[in-house]
1. Once you sort the root eigenvalues of the Cα gyration tensor of segment B:462-541 as a ≥ b ≥ c, which label holds: rounded (a/c under 1.5), prolate (a/b larger than b/c) or oblate (the other case)?
2. Which ³J(HN,Hα) values in Hz, rounded to whole numbers, follow from the phi angles of segment B:179-196 under the Karplus curve 6.51 cos²θ - 1.76 cosθ + 1.60, where θ = phi - 60° and Gly and Pro get x?
3. If r is the Cβ-Cβ distance from B:Thr248 to B:Ser38 and R0 is 60 Å, what FRET efficiency results, to the nearest 0.05?
4. Can you tell me the alpha carbon radius of gyration of the protein assembly as shown divided by the globular rule-of-thumb value 2.2 N^0.38 Å?
5. Taking 0.36 nm per intervening residue step and subtracting the Cα-Cα distance, what contour gain separates B:Glu452 from B:Glu651 on full extension?
6. In nm, give the distance between the simple-model label positions of A:Ala495 and A:Ala64, each being 7 Å from the Cα along the Cα-to-Cβ direction.
7. Contact order normalised by length for segment A:525-680, with contacts defined as Cα pairs under 8 Å and 6 or more residues apart; what percent is it?
8. As a check on your grasp of the helix formula, calculate [θ] at 222 nm for chain A: sum -39500 (n - 2.57) over DSSP H runs of n ≥ 4, divide by the residue count, round to the nearest 500.
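Laboratory data are not the source of any read-out in this text; all were calculated from the coordinates shown. Treat the numbers as computed from the prediction; the structure is a model and nothing was measured. Here the Cβ positions follow ideal geometry from the backbone for every residue, glycine too, while neighbour counts run over all protein chains shown.
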Protein chains: 2
Amino acid sequence: MKTPSSTDLAWLGEHAAAHLPAQVRLRADGPLTGTIGSEIDRLRSLAPGVPGSLTLLDLPQARASTLDDAPFEELAAAGEEAYALRSRGDGSDRGDDSAGDASSARLEVIGGGARGLLYGFYAVVLGLAPAPSGAWTIHSPGNSIRMLDHWDNMIVHPAMGQVERGYAGGSLFYEDGELREDLTRVEHYSRLLASVGINRVAINNVNVHAREATLLTERLGSVVRLAEIFRAQGIAVFLSVSFASPITLGGLATSDPLDEGVQAWWRRVADAVYAAIPDFGGFVVKADSEGQPGPFAYGRDHADGANLLARALAPHGGEVFWRAFVYDHRQDWRDRSTDRARAAYDHFAPLDRRFDDNVIVQVKHGPLDFQTREAVSPVIGAMPTTRLAVELQVTQEYTGQQKHVCYLAPWWSENLRFPSGEDDAPTMAQIAAGSAERPGGMVAVSNVGDDEFWTGHPLAQSNLFALGRLAWDWTADADSILDEWISATFGVDQAVRSTLRELLAESWLLYESYTAPLGVGFMVRPGHHYGPDVDGYEYTPWGTYHFADRDGIGVDRTVATGTGYAGLYPEPWASVYESVDTCPDELLLFFHHVPYTQRLHSGKTVIQHIYDSRADGYERVLQLRPRWQQLAGLVPGPLHERVTTLLIEQERSAGEWRDQLRTYFHRASGIADETGRPIY
Amino acid sequence: MKTPSSTDLAWLGEHAAAHLPAQVRLRADGPLTGTIGSEIDRLRSLAPGVPGSLTLLDLPQARASTLDDAPFEELAAAGEEAYALRSRGDGSDRGDDSAGDASSARLEVIGGGARGLLYGFYAVVLGLAPAPSGAWTIHSPGNSIRMLDHWDNMIVHPAMGQVERGYAGGSLFYEDGELREDLTRVEHYSRLLASVGINRVAINNVNVHAREATLLTERLGSVVRLAEIFRAQGIAVFLSVSFASPITLGGLATSDPLDEGVQAWWRRVADAVYAAIPDFGGFVVKADSEGQPGPFAYGRDHADGANLLARALAPHGGEVFWRAFVYDHRQDWRDRSTDRARAAYDHFAPLDRRFDDNVIVQVKHGPLDFQTREAVSPVIGAMPTTRLAVELQVTQEYTGQQKHVCYLAPWWSENLRFPSGEDDAPTMAQIAAGSAERPGGMVAVSNVGDDEFWTGHPLAQSNLFALGRLAWDWTADADSILDEWISATFGVDQAVRSTLRELLAESWLLYESYTAPLGVGFMVRPGHHYGPDVDGYEYTPWGTYHFADRDGIGVDRTVATGTGYAGLYPEPWASVYESVDTCPDELLLFFHHVPYTQRLHSGKTVIQHIYDSRADGYERVLQLRPRWQQLAGLVPGPLHERVTTLLIEQERSAGEWRDQLRTYFHRASGIADETGRPIY
C-alpha cells in the first residue's frame, strides 16, 4: 500500500483521526478488540486527535466498572451490534485545545457485543458522537442485513470489463484472473465498510462466469483469504454462485433442485466451504435472469431453487440471497401486452410463504433497473411472510457512471420512506427491515474499484458512505449524512463544507433534470448505458420502451387502458397512479402515455418541461466547475484535478443530453420552445 | 486440410474439374508452369473431365509449334497477363461423351506470359471457353490492379473480432496471434483468387494494431511464407502498415514525412522486406482516418505521406495504396454545414498531380461507406493525373453480413458503369482503370474467413467470384457471372441453376427493399452494423444523418439550400441530383430532404414507399426458403443445411427491419399505410 500521505484514505484519514480524543482507554475482550486497537494506532499516526478522552468497554467490563448508571439491560436487549454512548463535558470549552493534557470532553462507549463496540468506536471517529449532555443513548441498526454486492470478475470480460457496471477501474480483489497478492487496499476498504456499519459483502459478479465459478471449489483458498480480512471488521463474506454449478463444476447431468444428487452435491460443497470458513455468509444467486441458468429449465420455480441452496447452508447458519430481478429479456417490442415492470411481481408475489427461513429475496427498489427515476417496486409489500432485502445501486450505472456528480442518498431516501399504503402503513424500509423472526434489510451494488480514489469520481465516495448510513438508519436525513461525510473526509473548513454541500446536495435532481424526462427512463446508449439515445432501447428485446411518436410519449400502465401495472399497488397508490390528474409529475410518463401538450401540475406542458428542464439543467451544470475551482488548495491537489477533469466531461455530456433530447422531441412534436432557446 | 470429399472447394471442385478436357498437353517454361501442372493433377483426382483436348503453350513454344495462324504479335502486345484461346470442334457432337478416347473439342491456350497462361488455363476450368468456332480470341484484363484487402488481425480484437467486419469466422491466415502452422487452406484460397484473376492481396487489417505492425519487421518471416504461397498463383503480397511505424517500431521521436530520419527508416525497412521477398507488392495505408495516425499531425498532407512510403518502395518496384477514406469522425451532429459525403473530395481532389507514380489512391465507390445504396464518389473523375483504384466491399458489412442472401455484382456493376458526364464520358471503371502510363483498377475487402464454407453464407462465395470477374472485365454482365459461378460450383443441373439464379440475381435489390429507404443509408445498429436502428447514428460523431422528423426525411445536399455536395459532380449529374424532379427515386433521400407526402417518379408518396417496400420485401424473403428446400439432395447436405439456417435468420431480420421501419415512420409521420397492413 502507498504511504498514508500519498494514499486517498477516504473518510478514514486525517480528518477522521482528528475526531479521536487524545486519551483512549480500550477495555474489552472479544474478537474485534484487536481491530479497534490497531485502528486507534493507525489513526493516531495520522493526527494527534482532540483534547478529551474516550473509554471503550465491552458489556462485562462495563458492568464491572464504575459506570453503574449505564443502561445495561436495554443495551443487551438491543443486541450484539448495538452500542451505548455517553458524552460528558468537564466544564472547559471544547473548542479550546490549549489545555494540553486536560480533557475537554469525556466519551464513553459500551458495546452490546463485539461489533457493537466496533461500530461505537467508528461512530466517534466519524464525528457522530452527540454533544455533551451526560445522558446515555443507545444505538442499534434499523436493519439486520446491511450488505454490499461486488460485480467483480476475476478475468476481464470482453464486453463488461473487470467490474460489471464498474466505473472505478479494475477489481480491488482480483488481478490477472487470480486474487491479488497484495490485499492492503482491501483491508482499508473493509475498514471503510465497517465504519458505516456494513456487515455482509458478496465478492463476485452475480453473472457468474467460468473462472469465478471456481471460487466455490478449487479457488476456495482465495475466499478464505478475503474472509479473513473482512472478518477482522465484523463482515461476513458471501459468494455469487451459478445455479448450474452441479453441472459445470460437479459434472452432474442436471441441476434440478428436486434431484437428490443435486441436493447432495450442494450439501457437500457447503460443508467444504464451512470447513474452511466457519463464519461464511452464504450465497447470492441470479437465476433465470438475463441468460443465467435457473430452476425454470426443470419446470421448478424460484422457491424450489432458493430452498435447494438454503437447505445446504442451513446446518451452518448460512443465508441465500435470491434476486427477484427476473424478467423476459427477449421481449417483443411489438407485443404491448407484456410489461417488464410487472415481471418481478408476477414471478415472486405468488411465491410468498414458499421460501425457507434462511432465504432472503433481494428486490430492486424499482420495478425496472435503477433508473434515475422510477416508481417503487410493488413486490416489497406483496410478500409479507418472506424475508426481503431492498437492492440499491451505489455504482452509477444509469446516474452518470461516476463521471457526473450525483449524490444518490436523497433518491434512496425517497424510496425507503415510501409508505406502502394509507396513514400509518409501513414504509418500504420498514417492510424490508422485517421483524425479529424474519429480519431483512438492504443490499447495494458497490461503486469501488482499484482506482486511486476508490470510486473513480472522488465525490462518489459520498454514495458509499451514505449507503452504509442509510442501511443502519433509514430515517437518517440525506443532507445530514452528507455533512457527516464531508466532515470526516475533508474536515471542518467552512468554505470546503459549504461548497461541497452545494455541489452534492441536489446533484441527483440536477442529473435527472438534463437526462430522461418525467420518469420515462432508459433513453441511454445500449450496452454501456452512458449518454443519450432516445430510441436506443425502443425496438429491442429488453422491454424498456417510451412509445414516443409525433403526438405524445409515455407508457400506459393503467388498469383502465394499459398494462394494469398501476393496479399492483395498494391504495392510495393504485388510484393515485391510475389517474393522469393525480399521478405525480415526476412519474407521469412512467404510468401514462400523454400528448406533448398535456399540462403538468407545475403548469407547464410536457413538451415545454422537456425543453426547459434540459436547458436549465445544463445551465446549472455550468455553475459547478467555477464553484469547484474555489476549492483549489483546500482539498488534496490530485483529487481536485480529477474532479475538475470529470466536471468538464459532465458539462460535455449534459450538453449532449440537452441538445439531443430537445432536438429529438422538437423533430417529433413540431412544437416550438416558448423560450426561443436554440434547437439544432 | 480435410480430404477433398469433406472440404468445400468452392468453384474449384468436382464441377470445375469436369470442365477440364481428358487430354491435356502443357508445354511451357516459366515460374507458374508447375502450378498449372499440379492443378491439373488435383482436378483430375476430382473428376475425369470431358472428352476432348486442351493444349497449353507459352509464347515461345507456340511460335515454335504448328500453330502458325495464332495472333502472336497481338498477344505479345496485350501483355504478360493476356492469353489467346481457340476452340475447335472435330465434327463429333460435344454432348456425346460415349466415344472414349475420341476428342469432341480441341482447346488451345497460349499465354502472353506466365500469368496469362495460368489465367487461360483457369478460364477453361471455369467453363469460360467459347463454343467451337476455330477463331482465336485474345483475353486481357481491363484493369492492371485486381486486388483483395484482408482486414485480418493476428490477435482477436476485443470489439472487432479477428477479422474486422468479417462474417466468416476467424482469420484464414492467423491463429493465436501468429501465422497458422497449416496453410493448406490458404493454398486453395490463392487458387480461387487466381482463377478469377486476382493479382494482389493485402494480408492484414488497415487498422494496424500493435501485433500486426510487427509483420513489417520481426514477424516478416510470416509474410515470407504467405508470399511464397500466393506467388505460386501469380499474386503479389502487400502489407497494411501504420504511418506511425517509425515511432512505434523504430523508436524514432517522429513519423513526420519530411524528416530525413523517418525517410531513412522507411528505406531501411523497405530494403529489408525486399531482401526477403523480392516480388513484394508494397504497402496499404489508412492514415488520418478514424483514429489512425497520419501526416496531419505534422502539418503535412496526404501526398507528403503517401510519397514518403512510395519513395522507399520505388527502387524495388513497390506500390503504395493510400486510402481516400478520410473524414471527420468527430463531427458534431449539431453542425449542419459539415457533410461527410464531401470529405474525401475535399481532402483529395486538390492533391491531384502531387502523388508519385507508384502511389495509387484507393477510393471507396461511394462517398460514405459501402451502403446498400449511395451515389458514386465524385473523387473518381476529379483526379485525372492520379493513379486510382476503386474500393468495393465484398464482405457484407452493410448488406446483410453474410447472414442474408445478397449477390452484390449488380450493385458493383451499376457503379462501375456510371458515366462520369455527358454522352461518351468515361465510366467510373474506365477512369479507375487509367492508362498504360497510369494504370489503376479495383480493390475489394474480402469476405473470407476460416469458416468451412469460406464465406459464412455459402452463397456469398458468388460475391468473391464476381469481384474477380468484374475486376478483370467491368463490362461483364452480372447475370452471366452468376451463371459462371453456379456452373463451376454446383454443376449443370437445370433445377439447381434456375433456383440459384432466382435466389441470387435480384437479392441485392431485395435486401435494399426491406432495409434503408431511398438511398438514406445508415439506419443500422451502431458498432456492429447489423439490424435496424433508425436513429442509431443520428446523434453521433460519425457524420451520418437522415434528419427525419414529423414532416419529412433526407439530407439536403443541394447547392441551392444544402451542403453543396451535388455540385461536386460534373454535368449532367450536378443538375440531375440538384433537382427533386430529376433526382432518381433510389437516391432521393441521399440528396434531398423531402416531406413524407412527396411523390416519387413511381407515383407513390415517400411514406407509402417506406411502408410498401418494407412489407413487400419481407413477403418476398418468405419465398426464398421454400424455393431453397427444393434443392435438398441436389447440393451438398451440410451446405444445404447452413443456407437453410441462414434463411431463417434472414426472415427474422427482414421482419425486424419491416416492423421497425414501418413503426418508426408511422410514429413520426402519423400517416396511415394505405394498404392497411399492420403497424405495431
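1. Numbers: a/c = 2.99, a/b = 2.19, b/c = 1.36.
Prolate, because a/c is 1.5 or more and a/b exceeds b/c.
2. Working through the residues one at a time gives 4, 4, 5, 8, 10, 4, 6, 5, 4, 5, 4, 5, 4, 4, 5, 4, 5, 10 Hz.
3. Efficiency, from the Cβ-Cβ distance: 0.90.
4. On the way: Rg = 36.8 Å, N = 1360, 2.2 N^0.38 = 34.1 Å.
Ratio of Cα Rg to 2.2 N^0.38 Å: 1.08.
5. On the way: separation 199, 0.36 × 199 = 71.64 nm, distance 2.33 nm.
The span from B:Glu452 to B:Glu651 would gain 69.3 nm if fully extended.
6. A separation of 5.3 nm, rounded to one decimal place.
7. On the way: 173 pairs, mean separation 34.0, N = 156.
So the answer I get is 22 percent.
8. Details: 23 runs with 232 residues, N = 680.
So the calculated ellipticity at 222 nm is -10000 deg cm²/dmol.
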